[in-house]
Each structure stands twice: as structure tokens, then as C-alpha cells.
1. Being farther than 17 Å from Pro269 by Cβ, surrounded by fewer than 19 Cβ atoms within 10 Å (Cβ to Cβ) and either at pLDDT below 95 or more than 22 Å from the chain's Cα centre (by Cα) (or both), is that true of even one residue in region 231-240?
2. Are any residues in region 461-501 out of contact with any strand residue (DSSP E or B) (no Cβ under 7 Å at 6 or more places or on another chain), assigned to a loop (DSSP other than H, G, I, E, B) and among the β-branched types (Val, Ile, Thr), and if so, which ones?
3. As an exercise: evaluate Asn547 against (1) within 30 Å of Leu282 (Cβ to Cβ); (2) modelled with pLDDT of 90 or more and give the number of the one condition it does not meet.
4. Residues Phe448, Phe472: which one is open to solvent by 20 Å² or more (accessible area, probe 1.4 Å), more than 27 Å from Asp749 (Cα to Cα) and aromatic (Phe, Trp, Tyr)?
5. Taking Gly208 as meeting all but one of (1) under 30 Å from Lys110 (Cβ atoms); (2) open to solvent by less than 40 Å² (accessible area, probe 1.4 Å); (3) in contact with a helix residue (DSSP H, G or I) (Cβ under 9 Å, 6 or more places away or on another chain), write down the number of the exception.
6. Can you report the number of residues in region 94-112 which are open to solvent by 50 Å² or more (accessible area, probe 1.4 Å) and within 37 Å of the chain's Cα centre (by Cα)?
Amino acid sequence: MATVPASLNPSFLVPKAANRISAFSLPKPFLNLPHSSSSSSSLCQLRRRRLAPTLLASSVKDHLGRLCKTWSDVTSLNHWVVRDYCRLVSSVNALEPQIKRLSDEQLTAKTEEFRRRLSQGETLGDIQAEAFAVVREAARRKLGMRHFDVQIIGGAVLHDGSIAEMKTGEGKTLVSTLAAYLNALSGEGVHVVTVNDYLAQRDAEWMGLVHRFLGLSVGLIQRGMRAEERRFNYSCDITYTNNSELGFDYLRDNLAGSSGQLVMRWPKPFHFGIVDEVDSVLIDEGRNPLLISGQASEDAARYPVAAKVADLLVQGLHYKVELKDNSVELTEEGIALAEMALETEDLWDENDPWARFVMNALKAKEFYRRDVQYIVRDGKALIINEVLLTYCQYGYCEGSAVKVQLTGRIEEKRRWSEGIHQAVEAKEGLKIQADSVIVAQITYQSLFKLYPKLSGMTGTAKTEEKEFLKMFQVPVIEVPTNLPNIRKDLPIQAFATARGKWEHVRQEVAYMFRQGRPVLVGTTSVENSELLSDLLKEWNIPHNVLNARPKYAAREAEIVAQAGQKYGITISTNMAGRGTDIILGGNPKMLAKEILEDSLLSSLTREAPDVEVDDKELSQKVLKKIEVGSAATALLAKAALMAKYVCKSEGKSWTYEKAKVLISEAVELSQSMNLEEIEKLASEESEMYPLGPTIALAYLSVLKDCEVHCYYEGAEVKRLGGLHVIGTSLHESRRIDNQLRGRAGRQGDPGSTRFMVSLQDEMFQKFNLDTEWAVRLISKITNDEDLPIEGEAVVKQLLALQINVEKFFFGIRKSLVEFDEVLEVQRKHVYDLRQLILTGDSESCSQHILQYMQAVVDETVCANVDPLMHPRRWNLAKLLKEFISIAGKLLNGLTEYALLESLGQLHDVSSIDVNDFYLPNLPKPPNSFRGIRRKSSSLKRWLAICSDDLIMNGRYRATVNLLRKYLGDVLIASYLNVIQESGYDDASVKEIERAVLVKTLDCFWRDHLINMNRLSSAVNVRSFGHRNPLEEYKIDGCRFFISMLSATRRLTVESLLQYWSSPVESQELSVS
């Protein structure tokens, strides 16, 4: 039995006496009531008299609260929506006995039956109830888990393209199998999107057992996979991936040079998506763009210089800081000092630009803190997963960022853009990685809008329902819990100082530790988690820390497995997306795997883990030792002995990581096969020792002992009150706070939560929130500023401040969405065009070329003629010059006078032969429009010229159209003629045309992205002239896009004509 260390003296739990008794008092755990045997009877009577009215009032208040809640439930739309889904649940339950009687083969055959019925005209709605019943039975047989009725409701919500809000521990992962299976029956592919590789792999292996049993193929996308593997996995019926891999695959496919390089299902890569932790992906990371960079620039040497200049500048004197939007502004003194230090006359000189580097250096100095936003490891600055929003009043502002949420994970492949990361590297004295050019970008919000049907799961989305409806037209449905939620959310405590807050956090942790209750403390940064860890070490309180540091992150699974054990104290950065519930009494599967690793790793490998382990001994002191039975001990000894023998006799040697993988594979084997099959594998005589099956048998035996241990310890923890969660700061969103609260009280377990905030917390400082009322209140109640205040008035005021912050961030996201919609439309047009070129047949590619040629002619003609005026008033000299610059020698020798005379004769012509038309006295186009297909194409082109609105109505409109027709015929016919004379076969010609089309489009699209990013920053200045930056961005962005498409068409035509005019000299064109 674990004991409490003697160094924990209960005297520290007694607070200083308050000067005044008031409603704002310390929580009950910190009150020590006097005890006296002589007066115990009278005290009890007195207590009863005093407490009777209080208890009566409390009882009435509880009844009124429950009544109000019931009434609000009945009157809410969500109540009636859920009630409607109950009819589906009844249908599924009615089918369950019938489905249970089916054999495994008959159950699997249901998939083909459903597909056949769909092909015969039935809809997914017609087979939904039966399909859900089939999945429920398959999960019961393969996973030992049966979907609860509320999980059936959750699956129906997902199928209907809505967001299912399900509390922590309600089984969202299992719920996804229902909608994924049903929508995969159409054969168009389903994506289940998680927040990281670990969860994607876990869900694919775990839930994949159900889908594979039912005859569906399951794919998994992981970082580092080759293109062939990705292509295969995307072609599966159901594909598990994470949001960043999905986004980058989409971008890479739109940079591919040929259709053979595509990995997604084109031309329709998106069909139905289920997004896990949908609020985190679409809101917190929704504005965080995914970028693919190209060639680097040569500005790396400027960053260290700018960092030294930033060190010279003093805040308040040389520059001003705005914490609210993480921006800096140089004062006149700061500009003068920076220019003197850099020996430049103007920081904003285009030929010697220093302003951007100095501003980024100041931002790195003020806003990017080591161990908060990033850590330094192996000579690199690695980002701690922190969602950043580029921000300005109406749109993007270069380099500015607003922090939204911390998840505490390291993002090794991510870098801050706009030179911020280089500025951080310079500040830390690290090697500078040069700037890069953006060649492709997309935000998560734009990415997931590409799904015709999108759904999501999360524990906290109701507070953001309006945003989901406005931006994605996706409603949020709150799914009831399977068991009533009995968690107690204690009032928020407010402190005047951070010192007082951390001291009381330590006292509350110590009090709960003395009781034996497990505690989870949520912090907002690595820095704060280690500060609290040091405070607990001073009192010798055993605990675990879970944050981005490698020495902690490497033990994540072990730490989470222990977090629900008796006496378990865990300090963690944001727990959203950890992927593992905290089970009271401990997680038996994780604990069994941990015992397996402790027993076998020393026999499998001589390598030590390549991570620093901190205070593991301290955390293990107090946790109850799991007693493994004799059968499990014997199997562990057998597995260890076999591992040593295999290493010695067969010369095998595993690395530490490979040894862990071997154990993980054995654990997976134990889950995918029944006991008899594993025993048969272990007993078979063969040349190879059955090490894997032997380890699997040992795991199953250890697991039984762990399940018994965790069951009894879980019951003890429940008796003590369950998990206690302490939040050490309010986040910028109530939703993030609710995620932390949701860790306690899962699946009807008891639990409690308490938030402690300080008026010195970052949120209050950054947003300049008015907290004077709280300071005055504390001073009225007590002279000790380290004491907390609590009560309904305090809670309302603090939540009002938090809601103001939420509104601020919502305004940012709304504004940025409006800006991004402009680029979203342009991106869709370019990417659709690109995929049409890559995946279309050779004829469609040729049609694009011919359309480009006619469009180039039209733009040249329209820029130099006026249908209201006589041709002599037209700028024919410029028209001929531009046309000859494009077409080369096709109309050499043609003069302005000859063209004018021909157009004059044309005006008097009453009819023409479209198939054999040319301007009088001018060169006749080559006879390349032979055959029905080419004649049909020429006629369609002429009809398009006559029906378009490029030329306004006027006396000479017909003359202009005939000039467009003639010049287009000359250009196209000459092009077709020169191709025919080149001697290349059709396949080679089409390949060259496709390569030129794609490369030219990519080149101009890359430049367009740079121009649009610059425009997004520039338009904000126009607000000073009382002009709407968003409207200015739309107008100029549209103009930029039209110019980009025009330049793309012109360069494509010029490049192809140049290539075929001298193919030997232009070979580089097709391979560059």
C-alpha cells in the first residue's frame, strides 16, 4: 500500500486568517474546523441550527436549477433534433437480433448486398439503419465494443454532414465507424482526418479491424510515405490521415508535372470527410496556412545584424509594443538609431531594405519566448504547437500574429513564415536557414470547404456553433451522454498576483494528494508547467510533467496511463488532441505494455533510450505497485529468456526503437487474433523461434492482472471523488477551458474541476482588460493580496472578459475569411484548370492551346481598335507590331496601309464563306482546317467570336470580329502546319504542349501568390483614405488575376511557337 511521504506536513494547508468574514472565502479544503471533545455535542447542535436554513436554501436552489435546465432542454432545437434521431436508434435496435444471428461470412457479405442495392437506385438513407446495425455487430465481434444508443445518434449526425459534440470519453472514435462505413459504400472514398500521425495510425489499426472484417479496404497516410504508398492508400475505401498530410498532398498534386505523379483520387479527390477535433482544425488552425516553399533568397546574412540592432533598441523609447496583435512600431528615435547602426539613410530603401528585418528582430525579441513558443534542440529552433493567426484590422498584415491555443507538441517540420523563424534563429545564435518563396498555399478552412459533405467530432463546439454555421454551413448537434454527468465544477478563484495563484495551486494539489485523489493540472506553456513542477518538488510531492520537452514527450503514453491512478499528479500543457482518455485507476492496456517493456527491453537490446528521463523515480515512489501473478511472471521470464537466446544464438541485435516496435507488433498481434490462434503459433515447431507470439501471450496474461488492479483501484478513486482538474489560467476561448474540464467526469465517473486565475495572467495583460474592479474587491475583503476571491459576481465578470476576447478573435477570423475567399476562388480556377490539363485526353490539351491562341489574338485586337470608329482611326501599327512579336514571321512584310485597305474593302462585303475566309489582298492562312473535327472547331470558334461581349456594339463591330477571325486563323493554322512539318508523332506533341501549359501556369501562379500577399498588406493603408480595404483587395486582386491569366496565355503561345519554329534550339523548354 502506498504511503504519503512524511515531509508533507499538514500545517502548510492552514491559510492566514482573513480580516473579514465574507461570501468570498477560501475553498472548503483549506478550512480547518476546531475539534473539542468536551463541547462536541453543543457544537453539533449549534451547527445543525445554523446549517438548516442554508441546507434548505441549497436544496431549493438545486431543484430550481434542475427545473430550469429541463425546461431549457425541452425548448431547445437540439432536443428535438436528437429526439428525431431516436427513431433511427429504434430501427437499429429492432434489427440487432436479426443481425446477431448471421455468421461472419454472412455479415461480411452484407457489404456487397448494400452496394448492389445502391446501384439499383436505393439511397444511403434507405440502408442506413441496417448498415448501422451491421457495423455495431462487427464492432462487437472484432473489438468487443457495442455501440451505445447515443453513439448511434452520433453516427447519424456525422452522416448528415453535421458536427457531433460528444463529451470526453463518450467514444467518438467508435462513432466514426458508422458514418465512415455507410458513406464508403458508394466507392468514392471517405477521409477520416485526425490531428496527428499517432491518432491516424491508432484509429486505422484499431477501427480498421471493423472495416476490413466487413470487406472494405483501409488506407493510412503517414509522414515520410512515398508517392506510390500514398496513391494506394488514397484509393482505399476509407483513408485515415492527419490534417497537415492531407493538405500537403493536395498542394503537391497541384504542383505535379504529370498525371502519373498524382496521389489523390482525381478528378474528385474529396467526397466525404470526418474531422476529429474539428474545432481545433477548423477554428484554431483554420487560418494557419499550409505553405510549400520554392527556391531560397540570399538575405540570410541580414538577420544576425538585425538581431544585434534589436538588442540596442529599448522598449518605450525606441519602439512601442502592442500585445493584443503582436505588433511593434518604431518611434522617430528608434528609426534614427537603427539607421545610424546600419549605416543607411532609409530603412525602407527599396535597394537596401532593412525595415522588415529590424521589425522581425523586434518581434522575435518581444513575442517569441524560448520554452513558450519554441524550444532549442540540436541547434534548431523547434516550434511548440501553437496556432498562429496572421492579423490586421481588415486583412493580412505581414509578420503579425496572434496566439490562440497551445497543444504542447513539437512541430519539427513547421517554420514560421515572413522571416519570423529566421529572426528567432538569429536571436538564439543558431544557423540561419535562408528565406524561401511560396509556390503553393492553402488554409485548412479553404481545404475542407472542398468536401461536398463534411462532418466532424469534438467535445467542445457548441460555443462556436454560429461560426461553424456562417463559415461552413455545418450545424453543431450536442449528443447526450450515455450516463449522466456528475462532475462538480467549482467556482473560479481570482488572485491579485501570480505568486498567490501558484501557491494556492500547490496547496490544492497537496490537499488532493493527501486524500489520494488523482490530479491533472493544465498549464498554458512549457515555462509554467516547469515552474509548478519546481514548486511541487520543494514539498517532495511526486508528480509527472507532460509538455513539449523530449524528456517528457517520450513518456507521454506512460504518463497518461498513470494519470488516473491513486496519488497520481500530472502537470500538462493543453490536453486537447492527446488521443487518450484518463481512466480512473489507470489504463490497463497501457500499463500492461509498460510492464512488458520494462521486463523485455533489457533482453532485446543493449541500447539505452536516446531521451532524458527526469524524476521518474520520484513519480514512481507513491504509485501503487501492480502485482503481476505467477502465470504472467512465468510468461515474462520465458519471453525474456527467448529474446536473450535469439540475440545470442542467431546474432540478432535490435536498436532500442526497433525493440519497442517489436513489442508493439506483438501487442497488436494479441488484439487481432484470439488466444487459441496465438497459442498455436507459439507452439508450432519451426526454424525460427516464435518470439512475437510468446510476447503476445505474456502481454495477454499481464493485461488480465492489470485489469483487475485497475478495476479495484478505479473503484477506490471513485469513492474518493474521482479526478480533480485544476486550470491555472483562463484561455482566450471558453471552448479550450471546457476541453480541460472534460478530462474529469468521463462516462458518468465522479470528478471535480477548479480554475485559478491571476490578474497578472497573460490574457489580461495582452488585451489590456479592465481588472481594476477585482483589485478593489480584493482590497476590500482582505489586506493579503495572495488570498483568492470567488463567487457568482466574480465568475460573471471574468467570463464577460473572456467573451470579449472571443469576439475579438472571431472578428479576426471573419475578416480573414472574407479576404481569403478572393484567393480561394482564384486557386480553385487555377487548380481545376491544371488538373484538366494533366488528367484530360490529348484532344482537350490541344483545344486549350487553340483557345489560348484565339484569346491572345482577341486581347491584341481589342486593345487597339474601336468598333465605333473607322479603321483609319485604329492603332493598326501597334496591332501589327504586337501580333508579329507573338507570331514571328507569319505576317512579315504586311504593312499598316495594306491592312487598312483590306479592312476598308471588308466593310462593304455582304456575305463570307467562314470555312475559306481571309482578308482581301492579304496572305491566305495555311490550309490546315481539313477534316470534320478541325472544321467543326473552326466554326465553333467563329460562333464564339460572334456571341461574346468583348467588343461593344458599333458600326464596325462586324469588321473587328472578322479581323479577330482572320488573325486567329492565321496563328492557329500556321501553328498546326508547323507541327505537321516537324515530323513529331502526336504523343510527343501532346506531351510537349502539356508540359509547356503546366510550367507556364505554375510560374505565373507563384508570382501571383507573392503579389496577393503583398497586396493584402498594402490595402490596409488605404483605410486612412476612407476606402474599404476588403473592397480594394477584391478589385485589385481580380485585376491581378486577369492579368496573370492573360500573361499565362501569351507566354504559352509564344513559347510553343518558338519551340516549333526551331525545335532543336528549344529543347530546354520541354525539360526546364
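1. no
2. Thr481, Ile486
3. Answer for Asn547: the failing condition is (2).
4. None of the other options fit; the residue is Phe472.
5. Of the numbered conditions (1) under 30 Å from Lys110 (Cβ atoms); (2) open to solvent by less than 40 Å² (accessible area, probe 1.4 Å); (3) in contact with a helix residue (DSSP H, G or I) (Cβ under 9 Å, 6 or more places away or on another chain), the odd one out for Gly208 is (3).
6. 2
Conditions (1) within 28 Å of Arg377 (Cα to Cα); (2) among the small types (Gly, Ala, Ser); (3) open to solvent by 30 Å² or more (accessible area, probe 1.4 Å); (4) touching a residue at least 12 places away in the same chain (Cβ under 8 Å), marked per residue:
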residue: Ala498; (1), (2), (3), (4): no, yes, no, yes
residue: Gln507; (1), (2), (3), (4): no, no, no, yes
residue: Gln515; (1), (2), (3), (4): no, no, yes, yes
residue: Leu520; (1), (2), (3), (4): yes, no, no, yes
residue: Ser525; (1), (2), (3), (4): yes, yes, no, yes
residue: Ser529; (1), (2), (3), (4): yes, yes, no, yes
residue: Trp539; (1), (2), (3), (4): no, no, yes, yes
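To keep it simple, each residue is scored yes or no on (1) assigned to a helix (DSSP H, G or I); (2) buried (at least 18 other Cβ atoms within 10 Å of the Cβ); (3) at pLDDT 70 or above.
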| site | (1), (2), (3) |
| --- | --- |
| Asp610 | no, no, no |
| Asp614 | no, no, no |
| Val628 | no, yes, yes |
| Ala666 | yes, yes, yes |
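The values are calculated or read from the model by the stated rules, or taken from the named source; none is laboratory data. All values reported here derive from a predicted model rather than from experimental measurement. Don't worry about glycine lacking a Cβ; one is built from the backbone with ideal geometry, like all the others, and counts go over all protein chains shown. To get the accessible areas, we keep the full protein, side chains included, count just its heavy atoms, and leave off ligands, DNA and RNA. Shrake-Rupley method; radii C 1.70, N 1.55, O 1.52, S 1.80 Å.
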